[in-house]
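In what follows, a structure is listed as structure tokens, so that the remarks can point back to it.
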Amino acid sequence: MTSKPLLRVEGLRKSFSANRHTVHALNGVSLALEQGETLGIIGESGSGKSTLGRIAVGLETPTAGELHVEGMRIDTMSPRLRRDKLRRCQMIFQDPYSSLNPRLPVGRQIGEGLFARGESDWRAIDATVADLLDRVGLKREFAKRYPHEFSGGQRQRIAIARALAPDPHIVVADEPVSALDVSIQAQILDLLAELKKQGDLSYIFISHDMAVVARLCDRVAVMHRGRIVECGSVSAIIENPQHPYTRNLLDAVPRFGRRRTGQKPVVVRLPLHNDGDCFIDVGEGHVVLQSASSE
Amino acid sequence: MSAPYLSVRNLSVTFPTKAGTFHAIDDISFDLARGEILALVGESGSGKSMTSLSIMHLLPEAAEMSGRIEIDGRDISALGRREIEDVRGAKVGMIFQEPMTSLNPVLTIARQMTEGPVRHNGVSRRDALATARTCLEDVGIAEPDRVLAQYPHQLSGGMRQRVMIAASLALQPGILIADEPTTALDVTVQSQVLDLLVDLKARLGSGILLITHDIGVVAETADRVAVMRGGRILEMGAVDNVLGVPQHDYTKALLASHLTVEKGLMQRGAQCERARQ
């Protein structure tokens, strides 16, 4: 390969256990994020998409598998080195109400990322924070205010500024617009696109909303039950979905010009995938997980 | 069309605040007949949920309500606490957004579904249980007996919402108020629940007041739509008319900002094109 992917995961597994139950959130996920691209991860609740995002920024450690950031394998590194490397991976969360500390001025919260990076002069930090607020379309003076003084859309801008503070190369956005009104959603998506144009950024964009993914992403991976079942360019996935689960997902999106009749739709049996299943390439990097047993 | 089952006239809801009176709902009127789905659509703070709470007399203490609400020919706006309980459940069923918070976690589904009928209609437990079983079948649950014995946490999100709908059907209400019934659900499950609502309308003749922020859901599910903003109804009419030929600027803006898969692809394409130039 000529250019190394910015982030690469190989055979990633994660299981959680509680009350003697083991839940397999990820069943062997391999994925690469290329420099400058926006990779969408779409799936329903429980598909493992958030777990994958949390592993990519170091909020969870995988049970098995490899995590490479900028060409270096980091899951086997010492915690200190790993933390240093993961500073390049930042996260934006879904709920702008619970992801900000209500008792700290927002400028302070944005600045903490810079402080953690080793910057210790708060005057310099404050100047950078003001610049960051500017970049996300907020007033520089807002740094002194508290989260409750802002609307949902503004808070998400603050969360974006906080993620950008340590100068990341990778930003993982986990459902960043799901909690917002539609008119605000478009503004935040435009902001994310604009920020990418300005800087050296790549996104992993986690969402359940096909329309939002279509708007922002270059490539998309469809997840179901802890596996990627289909991956390809966003237009290939939407215009030519191959996996039955992707088709179900697309078909369920509400749309104009269709009326519900109350008739039960034909239930499509989704294939159960095993670890031995392989991807088949249907052209131009569009791959589909093929069940070995069904053929 | 039959006479309206629910008729709301000049409804206003205000809250006294330090800065003066806040109008959560500002003089709205609409009708809902049996066998039709009327959607109230708007963004957060538009007053759509307040409307449903006023019909059920579930407004917060501080709220002041004026106007007239008629259900099945009876003015309910001035009813006392006791009398309104005969309306709730029996005449108007309600389905909320989060089925987990509206179901009692420590009671079995059987217990929760029979409580209402036993209390309201004075039926025996056994009859109530039989009705509950039928209602669960009505909402497409294949094994009602198994579900009846379970607790809410044992059910998936979609199943819980089905159980909620079944529970509200048990008293055979004329209309259902569904307040963002699918917002917390996955799209494929949302699709099933919406199909169910349309099926109930067609098969049981229920009238449904569907409260949603998703204009795509309105387009494929509702018969009529009222667009709300700032406590007012800005535009109301048949879905094809309002969404097809919107008259109010806000409706146009709402339609423009609604993101569909096709629009998303196109806008992204245009963005890439601009970046290349």
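Residue by residue, here is whether (1) under 26 Å from the mean Cα position of the chain (by Cα); (2) surrounded by fewer than 18 Cβ atoms within 10 Å (Cβ to Cβ) holds:
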{"residue": "A:Val106", "(1), (2)": "yes, no"}
{"residue": "A:Gln109", "(1), (2)": "yes, no"}
{"residue": "A:Glu112", "(1), (2)": "yes, yes"}
{"residue": "A:Gly118", "(1), (2)": "no, yes"}
{"residue": "A:Asp121", "(1), (2)": "no, yes"}
{"residue": "A:Asp134", "(1), (2)": "yes, yes"}
{"residue": "A:Leu138", "(1), (2)": "yes, no"}
{"residue": "A:Phe142", "(1), (2)": "no, no"}
{"residue": "A:Arg145", "(1), (2)": "no, yes"}
Pick from the range A:215-232, criterion under 14 Å from the mean Cα position of the chain (by Cα) and either at pLDDT below 95 or within 10 Å of chain B (Cβ to nearest Cβ) (or both), ranking: surrounded by the fewest Cβ atoms within 10 Å (Cβ to Cβ): A:Asp218
Considering the range A:242-261, residues that are more than 14 Å from B:Val189 (Cβ to Cβ) and in contact (Cβ under 8 Å) with a residue 12 or more places away in the chain, and then whichever is farthest from the other protein chains (Cβ to nearest Cβ), we arrive at A:Gln242
Please verify whether the range B:142-153 includes one or more residues that are over 14 Å from the mean Cα position of the chain (by Cα), at pLDDT below 90 and within 19 Å of A:Gln263 (Cβ to Cβ). yes
Which condition breaks for A:Gln94 when tested against (1) part of a helix (DSSP H, G or I); (2) touching a Ser or Thr at 6+ places or on another chain (Cβ under 8 Å)? (1)
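So which of B:Arg74, B:Arg81, B:Arg68, B:Arg126 is modelled with pLDDT under 85 and either buried (at least 17 other Cβ atoms within 10 Å of the Cβ) or among the basic types (Lys, Arg) (or both)? Give the steps one after another, and end with the answer.
Working: B:Arg74 fails: modelled with pLDDT under 85; B:Arg68 fails: modelled with pLDDT under 85; B:Arg126 fails: modelled with pLDDT under 85.
Only one candidate qualifies: B:Arg81.
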Condition test on A:Pro176, is it crowded, with 16+ Cβ neighbours inside 10 Å, at pLDDT below 90 and in a loop (DSSP other than H, G, I, E, B)? no
Would a scan of the range B:214-235 turn up a residue that is within 12 Å of the chain's Cα centre (by Cα) and more than 9 Å from every other protein chain (Cβ to nearest Cβ)? yes
Quick one: which of B:Ser44, B:Ser66, B:Ser54 is farther than 23 Å from B:Gln97 by Cα and hydroxyl-bearing (Ser, Thr, Tyr)? B:Ser66
Condition first: in contact with a Pro (Cβ under 9 Å, 6 or more places away or on another chain), more than 13 Å from A:Glu44 (Cα to Cα) and in contact (Cβ under 8 Å) with a residue 60 or more places away in the chain. Now tell me which residues in the range B:182-200 satisfy that. B:Leu197
Selected residue (criterion: nearest to the chain's Cα centre (by Cα)) from residues of the range A:199-212 that are over 18 Å from A:Met91 (Cβ atoms) and within 7 Å of chain B (Cβ to nearest Cβ): A:Met210
Positions within the range B:231-257 being more than 16 Å from A:Arg258 (Cα to Cα) and either among the acidic types (Asp, Glu) or assigned to a loop (DSSP other than H, G, I, E, B) (or both), in sequence order: B:Gly231, B:Glu235, B:Val245, B:Pro246, B:Gln247, B:His248, B:Asp249
All but one of (1) of a type in the set (Gly, Ala, Ser); (2) touching a helix residue (DSSP H, G or I) at 6+ places or on another chain (Cβ under 8 Å); (3) touching a residue at least 60 places away in the same chain (Cβ under 8 Å) hold for B:Ala275; state the number of the condition that does not hold. (3)
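Pull up the range B:236-255, narrow it to residues that are of a type in the set (A, V, I, L, M) and under 23 Å from A:Leu180 (Cβ atoms), then point me to the one that is farthest from the other protein chains (Cβ to nearest Cβ).
Filtering the range B:236-255 for residues that are of a type in the set (A, V, I, L, M) and under 23 Å from A:Leu180 (Cβ atoms), the one farthest from the other protein chains (Cβ to nearest Cβ) comes out as B:Leu255.
The values are calculated or read from the model by the stated rules, or taken from the named source; none is laboratory data. Small disclaimer: the values here were computed from a predicted structure and weren't measured. All Cβ positions, glycine included, derive from the backbone under ideal geometry; neighbour counts span all protein chains shown.
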